[in-house]
Amino acid sequence: MRSSKFVHFDLELAEPTFSSSLTDLIIELDYLRRKKIRGTTHPEIFFQLKHIFHFLESIGSARIEGNNTTVAEYIETKLEGKKKLPYAIKEIQNIEDTMAFVEKSVKNHSINRAFVSEMHRMITDGLLPPPDGEGDHAPGNYRTTNLRINMSDHTPPDFLKVGDYMEELFNFIHRKDSPKYDLLKIAIAHHRFVWIHPFGNGNGRTVRLFTYAMLVKLGFNVDEGRILNPTAVFCSNRDAYYKYLSMADKGTKKGILEWSEYVLKGLKEEIEKIDKLLNYDYLKKEILLPAINDSVDRKYITDTEAKVLKKAVESQVIQAADMKDIFVGKSSQEVSRQIRKLIEKKMLMREGGDKTARKYLIRFDNNYLLRSVIKLLGKKGFLPLRESI
Ligand SMILES: Nc1ncnc2c1ncn2[C@@H]1O[C@H](COP(=O)(O)OP(=O)(O)O)[C@@H](O)[C@H]1O
Ligand SMILES: [Mg+2]
């Protein structure tokens, strides 16, 4: 039964029992948090993967409430480098930009009202407010009307109470509890945020980055080489996400713990995927080399380009001398010219972005290899979105 009345319950830490599978998950995740992963994948290769994940997550986050942009369309528009983006693309770009903002600033900022307001402002920037678009009437400000959540039975609190409920939430996340509660708090805070529904629109997109911000603060961070794919947990199956949110809406210990287990299980799976991609041997054999072959098959790149790229992938970093057997009988000037051409086509890049560097790496965030790399990542189950590209 859909009740139209708001039902309050207290914000508190639900304690899982020691023998529960949720406790196992918390222990495993805490281990992953502490374990400093030293992957064999070159940071500049990993960084490109991270970028791909982040824009796919942004698409996924926008899709939850109906943005229909396909991965192919988004790539197309991005690669064209248009200044004025269509609204649907702008919505996704905003999420990407906000994700970058979170990564850059969360270490030096408290996750407080100002921080969340800024996220919301960026997320809704330049978008039309409802019912015409996915923006908001008051970017960065709490709502001033009462509302319902689409496809849910929960009625959020009266708008007059939003400020107090949010204050309580910020106090909860900053409260000095033992670190063993950190992960549980992240899950509970995610639900509480959308349960309050502080904004007129954009709550879902904001809360997924709010969770990301908390995770980065917790140490699942980017500097140590992990690309965390947090919104993937929520975006890969919208029905499951909504189902577990509504379990938590009940406000019972059982409901909250079931929701928390759903979140943390998804998180663990994401982290395991990322650790796999940090293993260069795996990345090379399962993703990069097959992606180059795919690009040749689809005639995105030539056989010679493929040979150079495979060389680059084989040892991650190459020099002109390594390419001698591809360009047999060619002068070294000619080899340098070929390398320059590949740099212009964004298939190779100089290590460290240094213009004088004579060492090169594969580059796949370009018009040629990007689609194939995404296709292979999808084939191996790394992507939150299921679609062919
Ligand atoms: N039963 C529920 N209880 C609490 N929150 C919910 C429930 N169902 C959905 N939500 C949240 O509401 C969000 C949609 O709210 P909305 O303000 O329209 O966000 P957005 O515009 O970013 O999609 C969903 O993404 C989800 O996070
Ligand atoms: Mg919405």
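The values are calculated or read from the model by the stated rules, or taken from the named source; none is laboratory data. All of these numbers come straight from a predicted model, not from anything done at the bench. Cβ sites come from the backbone with ideal geometry, for glycine too, and all protein chains shown count toward neighbours. Note: areas computed on protein heavy atoms with side chains; ligands, DNA, RNA excluded. Shrake-Rupley method; radii C 1.70, N 1.55, O 1.52, S 1.80 Å.
Principal-axis analysis of the Cα atoms of the chain puts helix 162-174 at an angle of about 60° to the longest axis. Among Gly378, Gly133, Gly200, the largest mean-square fluctuation in a Gaussian network model of the chain, built with springs joining Cα atoms closer than 10 Å, belongs to Gly133. Subtracting the Cα-Cα distance of Arg175 and Met151 from 0.36 nm times their residue separation leaves 5.4 nm of extension gain. When the chain is treated as a GNM with alpha-carbon contacts under 10 Å, the residue of Asn68, Asn141, Asn150 showing the greatest mean-square fluctuation is Asn150.
Are any of the pairs Lys50/Lys273; Lys107/Lys185; Lys299/Lys345; Lys104/Lys379; Lys285/Lys341; Lys180/Lys243 more than 22 Å apart by Cα-Cα distance, and if so, which? Checking Cα-Cα distances, Lys104/Lys379; Lys285/Lys341; Lys180/Lys243 exceed 22 Å.
Beyond 27 Å, how much of the Cα-Cα pair distribution for the stretch 21-277 remains, as a whole percent? Numbers along the way, then the final one.
Values: 11318 of 32896 pairs.
In whole percent, the share of Cα-Cα pairs in the stretch 21-277 beyond 27 Å is 34.
Among the GluC sites (Glu not before Pro) in the stretch 160-269, those placed in a DSSP loop whose Cβ has at most 15 other Cβ atoms within 10 Å are Glu224.
If R₀ is 22 angstrom, what is the calculated FRET efficiency for the pair Lys299 and Asn366, using the beta carbon separation as r and rounding to 0.05?
On the way: r = 15 Å, r/R0 = 0.70.
That pair, Lys299 with Asn366, gives E of 0.90.
Considering only Phe46, Ser260, Tyr87, and ranking their Cα positions along the charge dipole of the chain that arises from unit charges at the beta-carbon of Lys, Arg, Asp and Glu, the one farthest toward the positive end is Phe46. For the listed peptides 360-366, 320-326, 61-67, a ranking on the average number of other beta carbons within 10 Å per residue, highest first, reads 360-366, 61-67, 320-326.
Surface composition of the stretch 21-277: carbon plus sulfur atoms hold 53% of the accessible area, using a 1.4 angstrom probe and ignoring ligands, DNA and RNA. Each Lys and Arg adds +1 at its Cβ and each Asp and Glu adds -1 at its Cβ; summed about the Cα centre, the stretch 252-389 shows a dipole of about 320 debye. For Thr356 and Leu13, the difference between the fully extended length at 0.36 nm per residue and the C-alpha to C-alpha distance is 118.0 nm. When Ser117, Ser58, Ser332, Ser19 are compared by accessible area at a 1.4 angstrom probe, the order from most to least is Ser19, Ser332, Ser117, Ser58.
Computed about the Cα centre, the dipole magnitude for the chain is approximately 1060 debye when only Lys and Arg (+1) and Asp and Glu (-1) carry charge, each at its Cβ. To the nearest 500 deg cm²/dmol, what mean residue ellipticity at 222 nm is calculated for the chain from DSSP H runs of n ≥ 4 alone, each contributing -39,500 (n - 2.57), summed and divided by the residues? Roughly -17000 deg cm²/dmol at 222 nm, from the helical runs in the chain.
Relative to the dominant Cα principal axis of the chain, helix 303-315 is inclined by about 70°.
In the context of the full set of protein chains, residues of the chain present 47 Å² of accessible surface per residue (probe radius 1.4 Å, heavy atoms only).
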